[in-house]
Every structure is written in C-alpha cells, then in structure tokens.
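Visitor: Before anything else, here's the structure in question.
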Amino acid sequence: MIKRLKKTKTKHKLLCFPIYMEWLRLLLLLLTSLAITNHVSCSWDLEAGPSLELSQLSRELLDSARQPEFFDWLKGVRRRIHENPELAFEEHETSQLIRSELDSLGIQYTWPVAKTGLVASIGSGAQPWFALRADMDALPIQELVEWEHKSRNPGKMHACGHDAHVTMLLGAAKLLQSKSKEIKGTIKLVFQPGEEEHAGAYHMIKEGALDNIQGIFGLHIQPLMPVGTIGSRPGPILAGSGRFSVTIHGKGGHAAFPHLATDPILAACSAVLALQQLISRETDPLDARVVTVGMIEGGQAANIIPETVRLLGTFRSMTSEGLNYLQQRIQEVIEIQALVHGCTSTVDFMLEKMKPYPATVNDEAMYKHAKNVGETLLGEPNVKLFPMSMGAEDFSFYTEKMAAAFFMIGTKNETLDPNTIWHSPNLVIDEEVLPIGAALHAAVAISYLDNVASAVTY
C-alpha cells in the first residue's frame, strides 16, 4: 500500500512539471516585455517634454542667479575680464581670475591644460561625466565703446563675448557647487584658450582634457537676438573653415615697359576670379560652400610692376568632404593661373599654425535635451530654430568626439546699440544675459545626469 502511494505521488509530480515550466516561461516573457518597455521609455526621457522636476530645478537656478548679490558678482567678474582682454594662448591673468574664483567656491580643477586652460570638476567624481565649455581669448581689436570698464589693453578687446562666456560658466559653477551632493555623476567645466583661429579645443582634446566625457554643451552670445532667447538646430549648424596664404612671384619692372616684366598682379587677379568658379561651376547649388579672398597685397607705386603679390583667404563648407575638395582645388587653380601668366606660386594652408576647423554638428538627442531645458527655463516661444551659418567655431572639435549641443544666447537690448555684431569694436551686450546663461548651463548639466541615472536604474 505504501509503495503504491509513493508511485501515485511521483506520477502526480511528473504530470505537473510541464505545467510549472509553462507558467515559468510566461512569467519570464512578461518580465522581459516590461524591461524592454521601461528601456524604451527611459531612452525617450532625454528628449521628453518638461517634467515637474525640471521646471522646479530651472526656476530655482534662475531665481538664485538673479538674486542681487549673485547678479552683482556676475557683473563684477565679467567687467574685470572685459577690462583685461588677452589673445589666444596668452590668457594668463584670465586663467588666474578663474582659478581664484574656483578656489573661493571650493571647486577642484586641473591646470594648466593647453598652456592656459583648465578643467574643473563638480560632483561625485564617478561616471557619467558631462561637460560645459567656455572660451577665454579676446581679439586684436581696439575697443571704441566708451564706458567705465573699457579695455585697458591697447589693440585688444573682448569683441566676441568670451568674457560673458567665462562669466556664465563661473556662474554655473557657483550654482552647481551649491547642489554638488545632488549631482548624479560628475560635471566638468572646460575653460578653453585660443578659440579665435588657434583651435584651442583641438589642443584641449589632444592633451586628454575631455577623455571619458559622454556629452558637452556650449553657449555663444548672439548680439542680434533679444536677451531671454536662445537658438540652435539639430545636425550641422556652423561651417568647417580653413585659411590659405598665397605668394605669386613674377619679375618686376617699369609700367612703361610691361613686356620686359612678368606681372604678378595680373596673375593674382586672374587667380581670384578663377577661384569663384569653384563655387559657381563646380559646387552643387544646393551645397553650402564659400571661397573668399580677403586681402591682396602688392606693389608700392603706380608706375612699377612689383616682384610679388600676396593673397590671404578663407574657404568653408558644411562637410569635411567639401572642405577637402576646396583645399585641393584652390591649390591647383592658383598654381595653374600663375603658370599661365609666366609666374610661380606658393600656397600655404597653415595647417599647424591655423588648423582648419571641421563643421559644427549638433547631436540630435543632445540638441533636443538642451532645447527642452531652454523651453522650460525661458518659454517655448523664446527658443528659436536657427538656420545653418557659414561662420565657424572650434567647438566643432568637441562635436566630432562626443554627443554635443551648441546654442546661441541673445544679448540684444534695444535701449543699447542694437546694430553691433561679433568682432565689432562697438560690441555692447546686455549683462542681463549672465544669470540666464549660468542657469541654463547648470540646468542642462544636472538634468542630463538625472536622465542618465534614471535610465541606468531601469
């Protein structure tokens, strides 16, 4: 009897085993489905609409930056930098000012990087790492704006707003440091030298300053946009750019006897005209490319044919392929035009001294993230979709290395001079932009890391 009962129980277990396995399989399918759904939803979070948390964070940051004491500090920093402009890779005192402010905030940094640059760190030190960037250098321009904080360095001016860029990033540093224990990762503050024609971003990357960084955000002032607005676009936004220097060698002589000379001016003129056909006859009309000769130098008298003529120019394209093509054809056209007129030529693209800039291309997801933060902070109507521009920026080197977004931020005030643009000796900016830029920087960085942390938990 006992043996029979044991056999019955064993048989019952064997019959139930397939049922148990089927339930287990269904349970695993359900769990997998939920995991996939959660993964998709958290991937979408980076581009999602404004959340209550983001709205509260953005408002808190902007309100803090607009507090009278905070705003006065921002204006003081910007004015000190503006009074003491320094050219590319000469930003020693600007770098010292930045380090002093970081020291007072208790923020650690690595210095020097690329001669005068530095990279500060806020947060846990652990991954993920997100970067915010500001350029530090000024331009060789004599300031014509008469005000209390006019440039004190003759022939030098912050005519591209880099003084404001540094100030906004220092403002972000102050905001971020107050929330350092809440940051879910690490935020790197990149203070970069030599943006103007000297590819400072390239040298920062070359020295390893941006290794292991997943994303980066940058701002640039836009004097034609009102304060309280920002703008950008996904994909290509700014052109790649290169420079060229040309010397055409002929044989000098008297203007009365041109047949005894070899005229390099005639060769230079023909070369300039021929270069324009690279755009009008060799470029798809739907592609954006530029070749401009901005300087011609030759001769000292009306009745003398000179020995040499010098040309300086720039070429631009929205793609690396377009930039490489123009470089090749510029050299061929100039050399052939010189030969046609019995001259010789040298073409220098200054690849080391003035490294060509690639096109600036915004990562689509990062653009949408920054746009979302901007709309939350400033209101949807104040975030503009920008057209592509043939201007160039060395932030482009960062866009080649990591997910990046580059935005313009308005500085225009109708009560001030509204008609100045970058690189003008009359550039004036409304300092009300400073707390906006500081808050935007901080909000983009904190919310990016929050989104990544949320995705990881799934």
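The values are calculated or read from the model by the stated rules, or taken from the named source; none is laboratory data. This is a predicted model, so every value here is computed, not measured. Neighbour counts run over all protein chains shown; Cβ positions are idealised from the backbone, glycine included. The protein model used for the area step is the full one, side chains on, heavy atoms only, and it has no ligands, DNA or RNA in it. Shrake-Rupley method; radii C 1.70, N 1.55, O 1.52, S 1.80 Å.
Visitor: Tell me, which residue of the range 371-394 that is aliphatic (A, V, I, L, M) and more than 30 Å from Q56 (Cα to Cα) is least open to solvent (accessible area, probe 1.4 Å)? Step through it out loud before you land on a result.
Guide: Our first condition is that a residue be aliphatic (A, V, I, L, M); within the range 371-394, this holds for 373, 377-378, 383, 385, 388, 390, 392.
Still in the list and also more than 30 Å from Q56 (Cα to Cα): 388, 390, 392.
Working: M388: 103, M390: 51, A392: 35 Å².
Applying the filter and picking the extreme gives A392.
Visitor: I've got another one for you. List, please: which pairs have Cβ atoms under 8 Å, are six or more places apart or on different chains, and start with a residue in the range 391-406 that is at negative phi and end with one that is open to solvent by 20 Å² or more (accessible area, probe 1.4 Å) and basic (K, R)?
Guide: Filtered contacts from the range 391-406: A392/R316.
Visitor: Need pairs with beta-carbon distance below 8 Å; first residue touching a residue at least 12 places away in the same chain (Cβ under 8 Å) and within the range 256-269, second β-branched (V, I, T) and open to solvent by 70 Å² or more (accessible area, probe 1.4 Å); sequence gap 6+ or separate chains.
Guide: A267/V340; A268/I296
Visitor: If you don't mind, another one. Only one of these conditions is not met by F397: (1) surrounded by fewer than 22 Cβ atoms within 10 Å (Cβ to Cβ); (2) assigned to a helix (DSSP H, G or I); (3) in contact with a Phe, Trp or Tyr (Cβ under 6 Å, 6 or more places away or on another chain). Which number is it?
Guide: (1)
Visitor: Please verify whether the range 135-156 includes one or more residues that are touching a helix residue (DSSP H, G or I) at 6+ places or on another chain (Cβ under 7 Å), surrounded by fewer than 18 Cβ atoms within 10 Å (Cβ to Cβ) and not basic (K, R).
Guide: Within the range 135-156, the first condition is being touching a helix residue (DSSP H, G or I) at 6+ places or on another chain (Cβ under 7 Å), and the residues that meet it are 135-138, 149, 151-152.
Remaining after also requiring surrounded by fewer than 18 Cβ atoms within 10 Å (Cβ to Cβ): 149, 152.
Imposing the further condition that a residue be not basic (K, R) reduces the set to 149.
Yes; the residues of the range 135-156 include at least one that is touching a helix residue (DSSP H, G or I) at 6+ places or on another chain (Cβ under 7 Å), surrounded by fewer than 18 Cβ atoms within 10 Å (Cβ to Cβ) and not basic (K, R).
Visitor: Now, a different point. Quick check on the range 431-448. Is at least one of its residues open to solvent by 10 Å² or more (accessible area, probe 1.4 Å), in contact with a Gly (Cβ under 8 Å, 6 or more places away or on another chain) and farther than 22 Å from E60 by Cα?
Guide: Looking for residues that are open to solvent by 10 Å² or more (accessible area, probe 1.4 Å), in contact with a Gly (Cβ under 8 Å, 6 or more places away or on another chain) and farther than 22 Å from E60 by Cα, one finds none in the range 431-448, hence no.
Visitor: Determine whether A338 is touching a helix residue (DSSP H, G or I) at 6+ places or on another chain (Cβ under 9 Å), more than 26 Å from R310 (Cβ to Cβ) and touching a residue at least 60 places away in the same chain (Cβ under 8 Å). Break it down stepwise before answering.
Guide: On the way: touching a helix residue (DSSP H, G or I) at 6+ places or on another chain (Cβ under 9 Å): yes; more than 26 Å from R310 (Cβ to Cβ): no; touching a residue at least 60 places away in the same chain (Cβ under 8 Å): yes.
For A338, the condition - touching a helix residue (DSSP H, G or I) at 6+ places or on another chain (Cβ under 9 Å), more than 26 Å from R310 (Cβ to Cβ) and touching a residue at least 60 places away in the same chain (Cβ under 8 Å) - is not met.
Visitor: Then there's this: What are the residues in the range 309-329 that are open to solvent by 60 Å² or more (accessible area, probe 1.4 Å) and either closer than 25 Å to T262 by Cβ or out of contact with any Gly (no Cβ under 9 Å at 6 or more places or on another chain) (or both), if any?
Guide: Of everything in the range 309-329, those that are open to solvent by 60 Å² or more (accessible area, probe 1.4 Å) and either closer than 25 Å to T262 by Cβ or out of contact with any Gly (no Cβ under 9 Å at 6 or more places or on another chain) (or both) turn out to be R310, E321, N324, Y325, Q328.
Visitor: Here's a check for you: in the range 241-270, which residue that is more than 47 Å from the chain's Cα centre (by Cα) and assigned to a strand (DSSP E or B) is surrounded by the most Cβ atoms within 10 Å (Cβ to Cβ)?
Guide: Checked the range 241-270; the qualifying residue surrounded by the most Cβ atoms within 10 Å (Cβ to Cβ) is G253.
Visitor: Only one of these is modelled with pLDDT of 95 or more and touching a helix residue (DSSP H, G or I) at 6+ places or on another chain (Cβ under 7 Å): Q192, Q96, Q127. Name it.
Guide: Details: Q96 fails: touching a helix residue (DSSP H, G or I) at 6+ places or on another chain (Cβ under 7 Å); Q127 fails: touching a helix residue (DSSP H, G or I) at 6+ places or on another chain (Cβ under 7 Å).
After applying the criteria, what remains is Q192.
Visitor: Quickly run through the range 365-389 and pick out the residues that are of a type outside the set (S, T, Y) and closer than 16 Å to M318 by Cβ.
Guide: We begin by selecting, within the range 365-389, every residue of a type outside the set (S, T, Y); these are 365-366, 368-375, 377-388.
Passing the criteria: F386, P387, M388.
Visitor: Could you list, in sequence order, all residues of the range 388-444 that are charged (D, E, K, R) and touching a strand residue (DSSP E or B) at 6+ places or on another chain (Cβ under 6 Å)? Steps first, please.
Guide: Going through the range 388-444, the residues charged (D, E, K, R) turn out to be 393-394, 400-401, 412, 414, 417, 430-432.
E393, D394, K412, D430, listed by residue number.
Visitor: Criterion first (free of Cβ contacts under 8 Å to residues at least 24 places away in the same chain and more than 22 Å from the chain's Cα centre (by Cα)) does Q96 satisfy it?
Guide: Details: free of Cβ contacts under 8 Å to residues at least 24 places away in the same chain: yes; more than 22 Å from the chain's Cα centre (by Cα): yes.
Yes; evaluated as a whole, the condition is true for this residue.
Visitor: Still on this structure, I have one more. Within the range 281-292, does at least one residue satisfy the condition of being of a type in the set (V, I, T), in contact (Cβ under 8 Å) with a residue 40 or more places away in the chain and either within 17 Å of Y325 (Cα to Cα) or surrounded by fewer than 13 Cβ atoms within 10 Å (Cβ to Cβ) (or both)?
Guide: Looking only at the range 281-292, we keep the residues that are of a type in the set (V, I, T), and these are 283, 290-292.
Narrowing further to those that are in contact (Cβ under 8 Å) with a residue 40 or more places away in the chain: 290.
With the extra rule that they be either within 17 Å of Y325 (Cα to Cα) or surrounded by fewer than 13 Cβ atoms within 10 Å (Cβ to Cβ) (or both), the set shrinks to 290.
Within the range 281-292, one or more residues are of a type in the set (V, I, T), in contact (Cβ under 8 Å) with a residue 40 or more places away in the chain and either within 17 Å of Y325 (Cα to Cα) or surrounded by fewer than 13 Cβ atoms within 10 Å (Cβ to Cβ) (or both).
Visitor: Identify all residues within the range 176-218 that are more than 17 Å from the chain's Cα centre (by Cα), surrounded by fewer than 24 Cβ atoms within 10 Å (Cβ to Cβ) and hydrophobic (A, V, I, L, M, F, W, C); write none if there are none.
Guide: Residue satisfying the conditions is I183 alone.
Visitor: Give the residue, chosen from A453, A405, that is at pLDDT 95 or above and not in a loop (DSSP other than H, G, I, E, B).
Guide: Numbers: A453 fails: at pLDDT 95 or above.
The match here is A405.
Visitor: Can you find a residue in the range 412-425 that is modelled with pLDDT under 95, touching a Pro at 6+ places or on another chain (Cβ under 6 Å), assigned to a loop (DSSP other than H, G, I, E, B) and more than 21 Å from Q67 (Cα to Cα)?
Guide: Yes - at least one qualifying residue is present in the range 412-425.
Visitor: Follow-up question, since we're still on this one. Which residues, counting only those in the range 330-357, are open to solvent by 50 Å² or more (accessible area, probe 1.4 Å) and in a helix (DSSP H, G or I)?
Guide: Q331, E332, E335, I336, L339, V340
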